[in-house]
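Data first, discussion second: the structure below is written as structure tokens.
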Amino acid sequence: MQFPELPVKQGDSHLFVTFSGGCASFLLVSADYQQVLTSVDTFVAPLSRAFGADQADLFLAKSLTAWSADIGVDLVGCEDDLCMMSLSEEGRVGGATLLVSPEYVAEPFHSVVLGVESQVYDEKTHIDAAVKYFDAYGFSRLIYVVLDWDTIRVLILTTGRVHSHREGKTIVREMHISGEFLDKIPETMVPSLLSTRMRKDVLIDALSNVRDRKVTAVGSDDVRDVLRGYVTGALFGMKDPEFQVFGSKSDHGLIVTGDIARVLPEKNTILSVIDGLQLRGRYSIFVDREQRGVPAVVASESGAFIFPLPDIYPRRYEYISTQKGGSGKNGQTAFRGRIRQQGCVDDRDDIIIVGQTGHVYSFSVQGAGNVLLQPSKSVYFPAMEKVMMGEDVYVTTEYSSQSASVIVDCRTIPVVYGPDALANHQRISEWLRGFPGEQ
């Protein structure tokens, strides 16, 4: 099917469809060049266990028809039992990209409904995406975590060292946890990480059932707790010197994506990853719950559509934590401080903040600005500059206009879990309340 070209001066749009991890993800991205605005509509539908390429067009026709009615855009036109993607009256759909993971197809196939050839979606695609965003954000270090049902991968990206033959080049190292090791996690590590009491056989059955079905949503708090403990326990097994120096500079970043990140609430995902890898310091956090990162980089490389960076990762969190050996005792004052938006000169416009050791705090921010903290004597925040304001000394760090919240983590280092769910219940609930987003 041929799609008419839309005038560049007005706008463009693109539909991304990804078959992966037991579900189909739909992203409809529309750009209005006159208003300099973009909008993204999303939809996730579960796939049957027996899903294959031969069922793709029937699935697409039904799913797109239902979604079209929901968002009020005519995406599919049917004639003589043949359904194909079509332009709406407003001309919002200018093309499509179909990505399929190897678990569903070995070779590309043609989709009649979308009018395109599919692209096989493999592990290398995540590496390409990680490198793309490493460069785009100007990070000197990036940890890119892929939480899939069958394997967990961690990509560590750095730049070549001065006087090295790789100076200035992006260096990518990959670590992964195989399914065989993941199968053992429920019996070994997860029980001591839960905040909900659960018999071991029930825990094993619940986690096995969720992983086997590759669910697209979880409504049970107990199952969410199991998944959080599962991810934390799995990442505990990963050791690398880079994790120790990560967060020592302000230009470090953490991106989390994958099947489990789609299912878990953001705050649960963030807690499980930073505690599992034991990451502390100062860095930016992005959670790709809607699986936008890979389709966006594939589209940009093909020249089909340019996905604006803020729309790929619409929520950016600035994370600051205390450092090992300087956290103080639980319950004592960890810091007093203020959040000052850029352009404000009057102290009365500042947001006054305060925190205690042993807790996590998040503060919503707008525009760009600075976080200014006065730590207690026993507390040390790394990777922050010192500034003098009047007679007061502050440690400070900037946040950007893309930042949604600033997270200040004042828990003692190392973070203590266990020995059982009873001991974890109150502390984990409090930690999660301190992170941004809904649980």
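Read-outs throughout are calculated quantities, based only on the coordinates presented, and are distinct from any laboratory measurement. Computed from a prediction, not measured in an experiment: that's the story for all the values here. Note: ideal-geometry Cβ built from the backbone for every residue, glycine included; neighbour counts use all protein chains shown.
Compactness check for the stretch 11-120: Cα Rg over 2.2 N^0.38 Å is 1.06.
The distance between label points at Asp128 and Ala368 comes to 3.2 nm (points 7 Å beyond Cα on the Cα→Cβ vector). Between Gln402, Gln323, Gln332, the residue with the greatest mean-square fluctuation in the GNM of the chain (Cα pairs under 10 Å linked by springs) is Gln332. Answer with one residue from Ser30, Ser68, Ser400: the one whose Cα lies farthest towards the positive end of the charge dipole of the chain, charges on Cβ with Lys, Arg +1 and Asp, Glu -1. The listed residue farthest towards the positive side: Ser400.
Rg to Rh ratio, the stretch 123-312, alpha-carbon atoms and Kirkwood radius?
On the way: Rg = 17.1 Å, Rh = 17.4 Å.
Using only Cα positions, Rg/Rh for the stretch 123-312 is 0.99.
List the trypsin sites (Lys or Arg not before Pro) within the stretch 196-267 that DSSP assigns to loop and that have no more than 16 neighbouring Cβ atoms inside 10 Å.
On the way: sites: Arg197, Arg199, Lys200, Arg211, Arg213, Lys214, Arg224, Arg228, Lys239, Lys249, Arg262, Lys267; in loops: Arg197, Arg199, Lys214, Lys239, Lys249.
The qualifying sites are Arg197, Arg199, Lys239, Lys249.
Farthest towards the positive end of the charge dipole of the chain, among the residues Phe51, Pro375, Ile171, is the Cα of Pro375, using unit charges on the Cβ of Lys, Arg, Asp and Glu.
The order of Phe59, Phe335, going from fewest to most other C-beta atoms within 10 Å of their C-beta, is Phe59, Phe335.
Quickly rank 33-46, 107-120 as a protection proxy: mean count of other C-beta atoms within 10 Å, highest first.
On the way: 33-46: 13.8, 107-120: 16.9.
The densest-packed peptide leads the list: 107-120, 33-46.
Among Ala136, Ala261, Ala50, which one shows the biggest mean-square fluctuation in a GNM of the chain, springs joining Cα atoms closer than 10 Å? Maximum fluctuation in the GNM of the chain, among the listed residues, is at Ala50. Figure legend: label point modelled 7 angstrom from the Cα of Ala217 along Cα→Cβ; no residues of the stretch 264-308 have amide N under 11 Å from it.
For the pair Met175 and Leu58 in one chain, pulling the backbone fully straight at 0.36 nm per residue adds 38.4 nm over the alpha carbon distance.
Comparing mean-square fluctuations of Asp311, Asp205, Asp150 from a GNM of the chain with C-alpha springs under 10 Å, the top value falls on Asp205. Dipole magnitude for the stretch 123-312: about 460 debye, using +1 per Lys or Arg Cβ and -1 per Asp or Glu Cβ, origin at the Cα centre.
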